[in-house]
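A quick write-up on the structure given underneath.
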Amino acid sequence: MRNRTDLFSFDSIKHDCIKKRMRTDLTLLFLLFFLTALSCPFTVMADTVFCHEDQELAEDMRPYFTPSSSYYGISSQGMCAAGDYIIYTRYSSDRERTTYVVLEAGSRREVEHSSFFTQHSNSLTYNPDRQEVVSVSNNHAYVFSFYNHHLTLNRDVIMNHNCCKIAYIPSKKVYYLGTSNTIYETTDFTYLNKAFDVPQYAVNQGMACDGRSLYIVWYSVGHNILAVYGLDGSYQGVYSLTSDKYREVEEIDFLNESMLVSIANSENYNGLYRVACKHQYSSWEISRAATCDQTGLESRACRICGKAELRTIPATGVHVPGSWEVKRPATCENSGYRVKNCLQCGRIIRQETLPAAGHDYSGWEEMEESTVLTAGYRKHQCRICEKIEYKESSFLPATIRIVIENERNQIRVYLNKGDRITSWLSDNPQVAEVDESGHVTPKGHGHTRITVSSAGGASKTVNVKISKLSDEMTMTVQ
Ligand SMILES: [Zn+2]
Ligand SMILES: [Zn+2]
Ligand SMILES: [Zn+2]
């Protein structure tokens, strides 16, 4: 199957014939493109969004297809990135055999080439899950194993639809295939299921998936249009891939952050190019807000290629105070304190003393009444902390009120509460005597004074006048 000499034994006459044939085919195709283009929404195209990144790389990438090589001008469309390699196809004069050139992406050098009877390769894709390369041509799927940069053709499957563009979708582990606006999916090519339709801009030249989106290059004369879809077929954008150099992009794929395009049918520019996206970024979106002491993160993504960029947002340096939190409440007698923490870093950023409020006492309540000789006491209680305070009341004043009952020789004494009589004294007992109950006994004629004293310290004196022993006596309070 493999024949390295094919590449170098190409017949230049056949080469010219094929070129003429291709031109005829192309004229017809262009007419078709014009007709298609009239009904296509080209007006939505933006500026060219992919730019030529590395001319040198492009030159290196086509060492076998330079004007000095006998293969110049004979191109093929299949191309794919496959791990560290790029596989690039050429077809031969009989259009049945295709040469598959394996280039090492890093060194840009060919490491191997082989020819297979796979017809003209319309599109190539690499399946890293199975280490499989698939080349499609009309309704044929040629399935290769690709191991140690070496291709081995394993299967030639006839598909139930003509689909000459292919892309492997890693996240779904399926192949998408299409030619016009219908995209099919399959895992083994024995049966193609319709996945979805996409708007048709012109001719589907190549398909690729970068893991996030499905990219289709549509070609019409002078325009290579890159349409971007979600993996469910949802529309994401249409961009122009046209520049002076890229006359007819035949196939696309992604290598790291670059897009690879192969140009064919352009005579002077046939080859493999690496182009870079002129990113069109969405606005920055905060994915993690900065706090007072921690940096945040914001990101944006290119609308075209999905490349994401991250950048840090500096810490604000400004604490965000929360509400006051009482750490120790003030009591009636002791002060407390409250704090404010930063809602972001949790540090205490303010602290305040809460002054003692003082007791809130109810009114005094008499617990024991005072007398002349004993002090009573009162209490009051704090309504908040229930603390009780006692207070001694003052003694009642000692008072003596005297009522004289002359007809009974009786001095009646009324004392203030708790008091008692301690003494009855007559200044002159020979005139009159007094007993301990205030009863006066006349003894002789004359005047005397009787003094009554209480334990509380009160005293009162009564004047006593005895006229005759038999007479009534006269007592008056002094
Ligand atoms: Zn981009
Ligand atoms: Zn803070
Ligand atoms: Zn209190």
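Numbers below:
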item	result
Fraction of alpha-carbon pairs over 25 Å apart in the range 266-377 - percent	65 percent
Residue-span extension gain [residue 461 to residue 139] - 0.36 nm each, minus C-alpha spacing	101.2 nm
For the range 352-478, fraction of C-alpha pairs farther apart than 22 Å, in %	53 percent
Taking the range 134-192 and dividing mean pair separation by its residue count, relative contact order in percent (alpha carbons under 8 Å, at least six apart)	27 percent
The range 343-374 and the range 164-202: distance between their alpha carbon centers, rounded to Å	83 Å
Distance (nanometres) between label positions extended 7 Å along Cα→Cβ at residue 333 and residue 353	1.8 nm
Separation of the residue 365 and residue 312 label points, Cα + 7 Å toward Cβ, nm	6.8 nm
The range 168-224 - Kirkwood radius from inverse mean 1/r over Cα pairs (Å)	11.9 Å
The range 79-142-the range 427-444 distance, computed between alpha-carbon centres (Å)	153 Å
Residues in the range 305-325 that a label on residue 284 would reach, taking backbone N under 13 Å of a point 7 Å out along Cα→Cβ	309-316
Calculated P(r) of the range 71-217 - Cα pairs past 27 Å, %	15 percent
Where Rh is the Kirkwood radius over Cα pairs, Rg/Rh for the range 313-378	1.50
Gain in span if fully extended, residue 392 to residue 257, counting 0.36 nm per residue against the direct Cα distance	39.1 nm
Peptide ranges 312-319, 384-391 listed from the most packed, as the mean C-beta count within 10 angstrom indicates	312-319, 384-391
Net lengthening on full extension, residue 180/residue 441 (0.36 nm per residue, minus Cα-Cα)	78.9 nm
Neighbour net charge for residue 336 - beta-carbon separation under 10 angstrom, K R +1, D E -1	+2
Distance in nm between pseudo-label sites at residue 197 and residue 380 (7 Å out along the Cβ direction from Cα)	9.4 nm
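Laboratory data are not the source of any read-out in this text; all were calculated from the coordinates shown. The shown structure was predicted, so the numbers you read here are calculated from the model rather than taken from an experiment. All Cβ positions, glycine included, derive from the backbone under ideal geometry; neighbour counts span all protein chains shown.
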